[in-house]
Ligand SMILES: *Cc1c(COP(=O)(O)O)cnc(C)c1O
């Protein structure tokens, strides 16, 4: 008889396979890291660093971790609850065909989706070229002077246009007139934004309202939500005569055929680029846009890419006019936008690059032709089409047949728009076919009536565009829009741009506060499933049950992670979560008859979005002092609380602090603010140091936002998309955002903060997958490893650099930090003249993206390694930093001149190194290969150091003429 040793059934268990893929260091690595730090165990380290007073009493209650395959199967079942129907709803969201070459090489390509916001210009030239293409496309299609590099959605873009107008026009009025036929979600978000700022919004027939009221701006839609193509030339002049601005929400595809608003006097044009190849995704993410007249540019919100020059005089891109932005201007910023919608702007711009002006016009003409045929046929069927002019949308009088017609369409697998009990809307798009037109006729046809055929129109048909508003001007004439039309060329263009950039697919991005961790492939896979990607945000609720379940499960899990009672996933970036959270605090005070409480205390170390968001809800920002460790000065806090006891609304803190410090007295801080009647906002950007270890909802926070694009694995996309869920304690739940347009009204009366009820819905599966595959233990282990890794880096570098904050924890080398550590370079600046920026740029020569530069302390670098970086990469980074310290020593000693050394001249391009003459005190080898491994694999910066000042002095924000590249 053969005897086999039994394999224990333990072999059937899931041994946290994904957890070990997500977390870089393994058990042996961890032991090594602990020994360098001088901690006995991971638990001992965490106990030493996380204050006992805030440690969670109970673990999170989450479903046990499953494998990648199991999670995908489970999410498939959730997705299948969504019903994919053909959408004729329109209302700002249209069917579109994402070109395969763009889908695979951008949306599914980590070289694009794992990149960070392009603050480090030299390693971001590829995506900035794509963004300049986007800006050029928007400016030319709208006919405006300048456009920015994306807004969060069309509705918030309209709201930002309102405040831009308010800042920019001479009119002293506080009234905004909004044409009643703008998209309803746009009107709703504009109203939410206007109210705290004391702006009165009057909605109705604009020409009449403009006679009756004084106003500072008018917002109108072109073509309107019901399909009308208004000729607004006269009313624009009337607005200008009153020193008011005229804001137009425009459709990009229609603008290829219609006279652009810039040619008839519009001051600001906003809209969405979704239908340029970006799936509807149940509401987002998509890149909205804003374009404006030249005079307004210094007051514009959002990110703007400009053309500057590099150290060798070559054209190079960089973020322009940053002095408008929250990270510099704080509560005086032009907006709170930080993370925008870069990945989607890149996709939309590439859709235009791929199709070119002729291709876009062909697509638009096809849509407009189908629309004309549809309208004509409906007329033949005896139906009345209300709009005489139309690009893609018809409003059809259906009388008492509305339900019947919508029901027939539904049975045929399509959604029509119920515009009123007696009106149905139909919007066509790029995906519309002859069969669709035939089906539409059949649904509208009264019983027994024969339908026309598309072939009846073989002789052609007149488009329903007003003659006086036909576009005659050219657009997208730059070679970039007229070259890459074959797939081969397009593929290579995308590859060429991606190769210029440094993203997570090449090296660690140790950006403090930004949590650039693994964005696992399995997490990304579901976002393009049609059940998530191809559904309209305003489809009937029973078709969106998958999203409803996803929302329910994910918010439940995030409640566990944060200790809060209620969460809304609607805000589509951290900044928007802050805004929604402050609205909740404001709503709560008002509900108690204490609407006068408007003082918002913010520590001086806060992220710029905090004061910028407070300003947007009409709060008054008061700065609270911090001590040398970046902790809130509790004496100063107490004094300010007392002084403003009657008017205190809240405090906004970040925990652990932006210095990467667990302030031990945070409970005391929260209690103090509560005692004076204020609420506590805990900025959740640093949740990667807390999940499973401590919960803000348990240690005294009332409101937080999360950044799912930091802690919960949504990739940064080169500057968006993000998701910024707003999380609140029980008594604030009624004040979470509602969404009346989607039929979701909350009693607290806080309106919508995003165009779509679930915000950037299509990327939520990423965070769902992460939590599902990690489980409670995996998430806690991730947090602890993130803290371990930061302490390892601090320990390794503490012999070479000053660690700005040292917790002074006995026995912990480096002093003990949270999940990030600040390297203080100011002393070296004194001794060598080398700045933190020089080190950041020199890191590029070593193949690294710089850590966060000069935030929260000027002259420092903040390193956040995250749990995902393996030990070898942490060591490679530390090795580079130590080698750079040696280089600085050579400058200190005088071996290298202060103004001519590898740090000041970094980054080095291959071109500059191959020049015949080499006048420097260091060798080419020292410049290019300061450490041996770079000979095996080297990232070459495509440009030398970019001149920041030149770019702002000579502002240029569209495609660079080819002549500029000629030697
Ligand atoms: C990233 C960040 C924010 C802003 O989040 P966005 O998603 O970029 O708008 C706010 N506060 C802190 C501390 C952050 O790090």
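Things worth noting here:
- Residue that is within 16 Å of the ligand (Cβ to nearest atom), closer than 19 Å to residue 683 by Cβ, at pLDDT 95 or above and in contact with a strand residue (DSSP E or B) (Cβ under 9 Å, 6 or more places away or on another chain), where the choices are 566, 630, 577: 577
- Of all the listed residues (733, 753, 729, 745), the sole one being within 16 Å of the ligand (Cβ to nearest atom) and more than 14 Å from the chain's Cα centre (by Cα) is 753.
- Restricting segment 313-330 to residues that are in contact with a helix residue (DSSP H, G or I) (Cβ under 7 Å, 6 or more places away or on another chain) and part of a helix (DSSP H, G or I), the residue that is farthest from the ligand (Cβ to nearest atom) is 323.
- Filtered residues of segment 431-442 (kept if crowded, with 18+ Cβ neighbours inside 10 Å and under 40 Å from the mean Cα position of the chain (by Cα)): 432, 436, 437, 439, 440
- Of the residues screened, residue 656 is one that is within 28 Å of residue 817 (Cα to Cα), within 16 Å of the ligand (Cβ to nearest atom) and touching a helix residue (DSSP H, G or I) at 6+ places or on another chain (Cβ under 6 Å).
- In segment 599-616, the residues that are in contact with a strand residue (DSSP E or B) (Cβ under 6 Å, 6 or more places away or on another chain) and either buried (at least 24 other Cβ atoms within 10 Å of the Cβ) or more than 13 Å from residue 585 (Cβ to Cβ) (or both): 600, 601, 602, 603, 604, 605, 610, 611, 614
- Test set (1) surrounded by fewer than 24 Cβ atoms within 10 Å (Cβ to Cβ); (2) touching a helix residue (DSSP H, G or I) at 6+ places or on another chain (Cβ under 6 Å) - residue 650 fails condition number: (1)
- Among residues of segment 593-614, those that are more than 16 Å from residue 666 (Cα to Cα) and either modelled with pLDDT of 95 or more or assigned to a helix (DSSP H, G or I) (or both), counted: 14
- Entry remark, segment 331-342: residues being touching a helix residue (DSSP H, G or I) at 6+ places or on another chain (Cβ under 6 Å) and assigned to a helix (DSSP H, G or I) number 1 in total.
Residue-by-condition table, conditions (1) within 16 Å of the ligand (Cβ to nearest atom); (2) surrounded by fewer than 20 Cβ atoms within 10 Å (Cβ to Cβ); (3) under 30 Å from residue 870 (Cα atoms):
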{"position": "429", "(1), (2), (3)": "no, no, no"}
{"position": "445", "(1), (2), (3)": "no, no, no"}
{"position": "455", "(1), (2), (3)": "no, yes, no"}
{"position": "460", "(1), (2), (3)": "no, yes, no"}
{"position": "472", "(1), (2), (3)": "no, yes, no"}
{"position": "482", "(1), (2), (3)": "no, yes, no"}
{"position": "486", "(1), (2), (3)": "no, yes, no"}
{"position": "499", "(1), (2), (3)": "no, yes, yes"}
{"position": "513", "(1), (2), (3)": "yes, no, yes"}
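- Per-region count, segment 425-464, residues outside any helix (DSSP H, G or I) and more than 21 Å from residue 280 (Cα to Cα): 16
- Put simply, of 697, 701 the only residue that is closer than 18 Å to residue 56 by Cβ, in contact with a helix residue (DSSP H, G or I) (Cβ under 6 Å, 6 or more places away or on another chain) and away from the ligand (no atom under 13 Å from the Cβ) is 697.
- Identification of helices (runs of 4 or more DSSP H) wholly contained in segment 615-724 with 2 or more residues that are within 18 Å of residue 569 (Cα to Cα) yields 696-699.
- The conditions of being on the phi < 0 side of the Ramachandran plot, under 26 Å from the mean Cα position of the chain (by Cα) and in contact (Cβ under 8 Å) with a residue 60 or more places away in the chain are met by residue 579.
- Residue list for segment 794-809, restricted to those being closer than 19 Å to residue 876 by Cα and out of contact with any helix residue (DSSP H, G or I) (no Cβ under 9 Å at 6 or more places or on another chain): 798
The values are calculated or read from the model by the stated rules, or taken from the named source; none is laboratory data. No experiment lies behind these values; they were computed from the predicted model shown. No Cβ is skipped: glycine too gets one built from the backbone with ideal geometry, and neighbour counts run over all protein chains shown.
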